[in-house]
1. For region 117-133, state whether one or more residues are in contact with a Ser or Thr (Cβ under 9 Å, 6 or more places away or on another chain), open to solvent by 10 Å² or more (accessible area, probe 1.4 Å) and not in a loop (DSSP other than H, G, I, E, B).
2. Of everything in region 164-184, what is surrounded by fewer than 20 Cβ atoms within 10 Å (Cβ to Cβ), part of a helix (DSSP H, G or I) and out of contact with any Lys or Arg (no Cβ under 8 Å at 6 or more places or on another chain)? Give them in sequence order.
3. Taking region 63-81, which residues are assigned to a helix (DSSP H, G or I) and free of Cβ contacts under 8 Å to residues at least 60 places away in the same chain?
4. Between residues in region 188-208 that are under 25 Å from residue 60 (Cα atoms) and open to solvent by 10 Å² or more (accessible area, probe 1.4 Å) and residues that are of a type in the set (A, V, I, L, M, F, W, C) and part of a loop (DSSP other than H, G, I, E, B), which pairs lie under 6 Å by C-beta distance while being six or more apart or on different chains?
5. Would you point out the residue of region 14-62, among those that are of a type in the set (Ser, Thr, Tyr) and not in a loop (DSSP other than H, G, I, E, B), that is most open to solvent (accessible area, probe 1.4 Å)?
6. Please go through (1) touching a helix residue (DSSP H, G or I) at 6+ places or on another chain (Cβ under 6 Å); (2) open to solvent by 40 Å² or more (accessible area, probe 1.4 Å) for residue 99 and return the number of the only condition it doesn't satisfy.
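The values are calculated or read from the model by the stated rules, or taken from the named source; none is laboratory data. No experiment lies behind these values; they were computed from the predicted model shown. We place every Cβ from the backbone using ideal geometry, glycine too, and count neighbours over all the protein chains shown. Keep in mind that these areas ignore ligands, DNA and RNA; they rest on the heavy atoms of the full protein, side chains included. Shrake-Rupley method; radii C 1.70, N 1.55, O 1.52, S 1.80 Å.
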Amino acid sequence: MDEREEPVEYRQTRYKAPDGATEILLVRHGASAPARVDRSFPLVDGHADPELAPEGREQAERVGDRLAEEKLDALYVTSLRRTAETAAPLARRLGLEPRVEAGLREVYLGEWEGGLFRQKVAQNDPVAQRMFAEERWDVIPGAESAAGFAARVEESLTRLAAAHAGGRIAVFTHGGVIAQALAAATGARPFAFLAPDNASISLLVRIGDLASVRGFNDVSHLDWSAPAPLT
């Protein structure tokens, strides 16, 4: 090299998704109505279908505010109304009609559907303890198998990523689905990403058979998200 020439420099730069990759914003629905012992949630195709609680509707508005300036090619919701209700404020702002992706509905909880799951977990039921210890939903009687749940989530995300190659989409879905998607992308334990907060945003980048996690449980748009002072 001529001594008068400046040496070539290789600087660190910000992350940029590979050409042709799809950025998928995984948005968990807002807080849904509380479960009650005197009545079950209505069911859709066997899945509990509560509406958003008042605080969940406020969270949905904040998600809409947060993502209103983002360039999004499409919005997806599941067949359960809490996702559609969470997506509604953003859909109005962007003028996009949400598309239904039933394959990304929440894991089927078998005999614990209709709100019973929340009760069993709150009561520290022995089956709930085993479920968390073994990291398997299908410990619950009649619940969806781990393999079946993983397969349908993967199939849906693969198809959506291919349909929007090189673009960015927002998928309003459920805590179990987000945990499964991120665990599969990272090779982590099944429940490693359980449970993202209501109205949180996680970022998954997919290209072909490859996936990477670029963000998890972003709640900076919610009132309570400011970190506590370090001591």
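1. Start the filter on region 117-133 by keeping residues that are in contact with a Ser or Thr (Cβ under 9 Å, 6 or more places away or on another chain), which leaves none.
No - not one qualifying residue is present in region 117-133.
2. Within region 164-184, just 184 meets the criteria.
3. Result: 64, 81.
4. Filtered contacts from region 188-208: 197/219; 198/31.
5. Keep residues of region 14-62 that are of a type in the set (Ser, Thr, Tyr), which gives 15, 22, 32, 40.
From the residues that got through so far, the ones that are not in a loop (DSSP other than H, G, I, E, B) too are 22, 32.
Details: 22: 2, 32: 17 Å².
Filtering region 14-62 for residues that are of a type in the set (Ser, Thr, Tyr) and not in a loop (DSSP other than H, G, I, E, B), the one most open to solvent (accessible area, probe 1.4 Å) comes out as 32.
6. Among (1) touching a helix residue (DSSP H, G or I) at 6+ places or on another chain (Cβ under 6 Å); (2) open to solvent by 40 Å² or more (accessible area, probe 1.4 Å), residue 99 violates only (1).
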